[in-house]
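Accompanying notes for the structure given below.
The values are calculated or read from the model by the stated rules, or taken from the named source; none is laboratory data. What you see is a predicted model, and the numbers here were worked out from it, not measured in a lab. Reconstructed Cβ throughout: ideal geometry from the backbone, glycine too, with neighbour counts over all protein chains shown. Keep in mind that these areas ignore ligands, DNA and RNA; they rest on the heavy atoms of the full protein, side chains included. Shrake-Rupley method; radii C 1.70, N 1.55, O 1.52, S 1.80 Å.
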Amino acid sequence: MNKFPENFFWGGATAANQLEGGWDANGKGVSTADCCTQGSLNQPRLVTFKTKEGEIRAEEMFHFDAPEGAEFGCFDNYVYPTHRAVDFFTHYKEDIALFAEMGFKMFRFSINWTRIFPLGDEILPNEKGLQFYDDVLDELAKYNIEPLVTLSHFETPVGLVNKWGAWKDQRTIECFERYVATVGERYKGKINYWLTFNELNGIESGPWGAAGLPMTDKQIIANAAKNQLVASAKAVQLLHEIDPDNKIGNMTAFGVGYPNTSNPKDVFKTWQKYNESYWCGDVQVRGYYPSFKLKEYKREGIDLFLTNEEQETLKNGTVDFITFSYYMTNNVSSDPQVIEDSAGNFMGGVKNPYLKASEWGWQIDPIGLRIALNYMYDRYQLPIMVVENGLGARDKLEDNGTCHDSYRIDYLKEHICEMSKAIEEDGVELLGYTAWGCIDIVSASTGEMDKRYGFIYVNYQDNGLGKGERYRKDSFNWYKKVIETNGEVLG
Ligand code: BG6
């Protein structure tokens, strides 16, 4: 018997660039995600740009150093999956009705900054962009679905990248503040739960996605991360001022790791690995940098240029609740001979012989979620939401429109079960659970449709076929029952 609190937020999660499409509709500008090409399990996603000399080039999304003066954008002969994504832009009513049919209490989505400020640095917002989210919010309100809104989910305006290097430059903080003030005022009373940046701690392994940085320079990444942390703190303050009922959370990519052996060196390395998950949350919850991160910067010769004013801002902009994504775990080894052959959203690692993995190499570990919940709760003592969790898999749409995804049901069932233990047996204050990609969307790391997470199958294929029809998978009815019984019946 599972016990979830009354009013538990069961729901699903998405991000604008992976969901909406309509990439240039109604005056929307180009975001960093819009310049990323379609990839696959074996083919990396690329970021496209034009060099000063006029040459069109593309580099691997996760780690690249673009030449000085590169202009980022979209060019002929490349396929950009976010441009259509799954066309929520025109299907939002139908999709929200399906979420309501499953009984969603909460829907996590992000506002695409470039719908509101197309280049990022305008003074006045784009009214049509604002109207789109009004429509979405009204539709959610119709079904009493609580919105959980991410302000920035891998969607920095390319205008700011080309102008001054996006988050590398402090002027981006001001632009972000204007954007937050605009959406905060406009949707006052309609949105009560906000997240500032998605997986801010991913900036070191994915600087382009997280902050529009086309480079691997650690000094620049550290300063861009500081700018985002300051912007996050300012957003918290602003949203509290606009509406004291606003609750603002942070969002961390949480990577649980196990020592590969009981060798203390492996145990110590594992502790260090955890700090990759903690350092941003530490700043956002406590209001100051953790000592281990400051020492790390010092060792690496990085200067944070942290002013008194910035320290004050961080102190005054701490979050009300914490959230994280959880997909997999990896082992950690201090032995350079041990091969890191296991994958993950940001953090790879060593394979664990006790765990099975998805086709994309992400190891499936439900107990790891209970561990993550306990670690986070012990450290911060704030209410938590798990805002991403799920299984990316290749689904088969049958001729009669059914899709038998028992593997997804198994994955979710086991993770939900561990969540309930964290609540019941360990006392973790868990507010909600939004399953990732509740409707099939474009994968963030590989930019493909083939890696699906949804309860709803969307008939768009990577080869260009499909008209975007929506179908209920087996997991749709299963999740409906889970919500109906508040997690008591996991089937
Ligand atoms: C998280 C991101 O890291 O992982 C999402 O916040 C992403 O945007 C999710 O979609 C799953 O990753 P992927 O690559 O399977 O889509």
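Taken over region 235-255, the criterion of being under 23 Å from the mean Cα position of the chain (by Cα) and either in a loop (DSSP other than H, G, I, E, B) or within 16 Å of the ligand (Cβ to nearest atom) (or both) is satisfied by ASN246, GLY249, ASN250, MET251, THR252, ALA253, PHE254, GLY255. When ALA85, ALA58, ALA70, ALA66 are checked against the criterion of being under 30 Å from MET385 (Cβ atoms) and small (Gly, Ala, Ser), a single residue qualifies: ALA85. Can you tell me which residues in region 35-92 are of a type in the set (Gly, Ala, Ser), touching a residue at least 60 places away in the same chain (Cβ under 8 Å) and more than 15 Å from SER443 (Cβ to Cβ)? Across region 35-92, the qualifying residues are ALA66, ALA70, GLY73. Could you check region 310-347 and list, in sequence order, the residues that are among the hydrophobic types (A, V, I, L, M, F, W, C) and within 16 Å of the ligand (Cβ to nearest atom)? Once the filter is applied, which keeps residues that are among the hydrophobic types (A, V, I, L, M, F, W, C) and within 16 Å of the ligand (Cβ to nearest atom), region 310-347 yields ILE322, PHE324, MET328, ALA343, PHE346, MET347.
Residues in region 323-343 that are touching a residue at least 24 places away in the same chain (Cβ under 8 Å) and either open to solvent by less than 20 Å² (accessible area, probe 1.4 Å) or among the charged types (D, E, K, R) (or both): THR323, PHE324, SER325, TYR326, TYR327, MET328, THR329, ASN330, ASN331, VAL332, SER333, ASP335. Are any residues in region 195-226 farther than 18 Å from GLY29 by Cβ, outside any helix (DSSP H, G or I) and within 16 Å of the ligand (Cβ to nearest atom), and if so, which ones? LEU195, THR196, PHE197, ASN198, GLU199, GLU204, SER205, GLY206 - these are the residues of region 195-226 that are farther than 18 Å from GLY29 by Cβ, outside any helix (DSSP H, G or I) and within 16 Å of the ligand (Cβ to nearest atom).
For region 19-40, state whether one or more residues are assigned to a helix (DSSP H, G or I), under 18 Å from CYS438 (Cβ atoms), open to solvent by less than 40 Å² (accessible area, probe 1.4 Å) and at pLDDT 95 or above. Checked against the condition, which is being assigned to a helix (DSSP H, G or I), under 18 Å from CYS438 (Cβ atoms), open to solvent by less than 40 Å² (accessible area, probe 1.4 Å) and at pLDDT 95 or above, region 19-40 yields at least one hit.
Conditions tested, residue by residue: (1) within 16 Å of the ligand (Cβ to nearest atom); (2) among the acidic types (Asp, Glu); (3) under 23 Å from ALA343 (Cβ atoms).
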residue	(1), (2), (3)
TYR377	no, no, no
GLN381	no, no, no
LEU391	yes, no, yes
ASP410	no, yes, yes
HIS415	yes, no, yes
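Yes or no: GLU425 acidic (Asp, Glu) and touching a residue at least 24 places away in the same chain (Cβ under 8 Å)? The answer is no for GLU425. Kindly provide the set of residues from region 87-129 that are aliphatic (A, V, I, L, M) and in contact with an Asp or Glu (Cβ under 6 Å, 6 or more places away or on another chain), ordered by number. Correct list: ILE96, MET106. Of all residues in region 423-469, exactly one satisfies the criterion of being within 11 Å of the ligand (Cβ to nearest atom), among the basic types (Lys, Arg) and closer than 22 Å to THR90 by Cβ, namely ARG452. Restricting attention to region 265-286, does a residue exist that is in contact (Cβ under 8 Å) with a residue 24 or more places away in the chain, in a loop (DSSP other than H, G, I, E, B) and in contact with a Leu (Cβ under 7 Å, 6 or more places away or on another chain)? No, region 265-286 contains no residue that is in contact (Cβ under 8 Å) with a residue 24 or more places away in the chain, in a loop (DSSP other than H, G, I, E, B) and in contact with a Leu (Cβ under 7 Å, 6 or more places away or on another chain). Count, please, the residues in region 103-136 that happen to be open to solvent by less than 30 Å² (accessible area, probe 1.4 Å) and assigned to a helix (DSSP H, G or I). Counting residues in region 103-136 that are open to solvent by less than 30 Å² (accessible area, probe 1.4 Å) and assigned to a helix (DSSP H, G or I) gives 10. Annotation note: Cβ proximity below 8 Å between a residue of region 448-467 that is within 20 Å of GLY11 (Cα to Cα) and modelled with pLDDT of 95 or more and a residue that is assigned to a strand (DSSP E or B) and charged (D, E, K, R) (sequence gap 6+ or interchain) occurs for PHE455/ARG472; ILE456/ARG470; ILE456/ARG472; TYR457/ARG470; TYR457/ARG472; VAL458/ARG470. Considering region 232-264, and only residues there that are free of Cβ contacts under 8 Å to residues at least 60 places away in the same chain and under 21 Å from THR182 (Cβ atoms), the residue that is most open to solvent (accessible area, probe 1.4 Å) turns out to be GLU241.
Against the condition open to solvent by 30 Å² or more (accessible area, probe 1.4 Å), touching a residue at least 60 places away in the same chain (Cβ under 8 Å) and either more than 15 Å from the ligand (Cβ to nearest atom) or part of a loop (DSSP other than H, G, I, E, B) (or both), how does SER420 come out, does it pass? Judged against the criteria, SER420 is not a match.
Any residue at all in region 77-87 that is touching a Ser or Thr at 6+ places or on another chain (Cβ under 9 Å), part of a loop (DSSP other than H, G, I, E, B), open to solvent by 10 Å² or more (accessible area, probe 1.4 Å) and not aromatic (Phe, Trp, Tyr)? The answer is yes; a qualifying residue exists.
Scanning region 362-397 for residues that are among the β-branched types (Val, Ile, Thr) and more than 12 Å from TYR411 (Cβ to Cβ), we see that the one that is surrounded by the most Cβ atoms within 10 Å (Cβ to Cβ) is VAL387. Every condition in (1) in contact with a Phe, Trp or Tyr (Cβ under 8 Å, 6 or more places away or on another chain); (2) away from the ligand (no atom under 15 Å from the Cβ); (3) aliphatic (A, V, I, L, M); (4) open to solvent by less than 30 Å² (accessible area, probe 1.4 Å) holds for VAL350 except the one numbered (1).
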